[in-house]
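Every number in this text was worked out from the coordinates using simple rules, so none of it is lab data. Given the structure is predicted, the values throughout are model-derived calculations rather than measurements. Here Cβ is always computed from backbone atoms with ideal geometry, including for glycine, and neighbour counts include all displayed protein chains.
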Amino acid sequence: MAWVNRHPNLVTWAVLSVGMVAIVGYSARDVDTLSGRQWFWLALATVLVAGLCAWIISWESDNEDDDGDEVDEVDENDDVDDVDDVDDVDEVDNHGLDASHADVPDPDPSA
């Protein structure tokens, strides 16, 4: 059991390999033209794909470990009431155009 806890990615690879080879074998059981060598290469390719899947799955577990610390830092520094992001409000007119478009006439002169 200690080896399983120390090598979770290899265990994931082994479990996926067994399951995927069983599924491929079951799916291709009626194919009469597959020789022994072809079955071997099919199983090997399936095991390699299972290894790739296990590797990709390990990215997610690595990200979960890293994200925990970053989320706490962001939450501590995140201030919803902070209005420093709104700069130069005076440059925006009431139609959403910045001051560089001042030569465009106002569509409603009575306003």
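Here the spin labels are modelled as points 7 Å beyond Cα on the Cα-Cβ line, and at residue 63 and residue 15 they lie 2.1 nm apart. Our coupling estimate for the stretch 32-37, obtained by passing each phi through the Karplus curve with A = 6.51, B = -1.76, C = 1.60 and θ = phi - 60°, is 7, 8, 7, 8, x, 5 Hz, Gly and Pro reported as x.
Taking 0.36 nm per intervening residue step and subtracting the Cα-Cα distance, what contour gain separates residue 7 from residue 42 on full extension? Intermediate values should be presented prior to the final figure.
On the way: separation 35, 0.36 × 35 = 12.60 nm, distance 2.60 nm.
Taking residue 7 through residue 42 to full extension adds about 10.0 nm, to one decimal.
Once backbone amide H atoms are built at 1.01 Å from N, residue 34 has no partners under 5 Å, excluding neighbours fewer than 5 places away on the same chain.
The fewest-to-most ranking of 41, 13 by surrounding Cβ atoms within 10 Å reads 41, 13.
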